[in-house]
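Let me begin by presenting the structure, written as structure tokens, before commenting on it.
Coordinate-derived values only; no laboratory data. What you see is a predicted model; the values in this text were computed from it and never measured. As a convention, Cβ positions derive from the backbone with ideal geometry for all residues, glycine included, and neighbour counts pool all protein chains shown.
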Amino acid sequence: MRRVLCVALICAPSLAHAQDLNAALADTFAPLNHVENLANTLSCTALYRSLSLMFGTESDLEEGLRNREGFMATVAGVLWTAQEAVVGQTPDDVFAILLPPIDAATDHYLAHMDAVLAQTDAPFDDVILSQVDFCDAIFEALQTASE
């Protein structure tokens, strides 16, 4: 019994952080949910940005993460434009709409990773690692489709 209680106490903060992150991301993307797959694409854009910020410019991973961020942001712009079809909307107009939720989601990811880092020796938990797997799968599928 004591062992179960200890595991529950250790996992409780992580579960709370995961629920907070999921709720924050859902709120961030709610106004854009009418465009299919846009929230996932924007979330992946923000994830890649937050990871590049977490690793920093000295990391060998930073350039690859920035490339993925840019690619996913472009895909988000295409999804938005295809759905909204607003005449006269420039790429700058589209990114003026999409950038605030990307920025907000980046902040949510960084706050989550900081909270995890404060409790463990690394900023990555199962929530972030599963999101990385999800985003990498989307990225790789889109890369394969574009070849």
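Before moving on, here are some points about what is shown:
- Asp125, Asp93 arranged by Cβ crowding within 10 Å, fewest neighbours leading: Asp93, Asp125
- Pairs of alpha carbons in the range 38-146 whose separation is greater than 22 Å (percent): 34
- Cβ crowding within 10 Å, taken as a proxy for footprinting-reagent exposure, orders Thr74, Thr90, Thr45 from fewest neighbours to most as Thr90, Thr74, Thr45.
- In nm, spacing of pseudo-spin labels at Glu140 and Thr81 (7 Å Cα→C-beta vector): 2.8
- Take every Cα pair under 8 Å whose residues are at least 6 apart in sequence, average their separation, divide by the length of the range 38-146, and the relative contact order is 31 percent.
- With each label modelled as a point 7 angstrom along the Cα→C-beta vector, the Ser130-Asp107 pair spans 2.6 nm.
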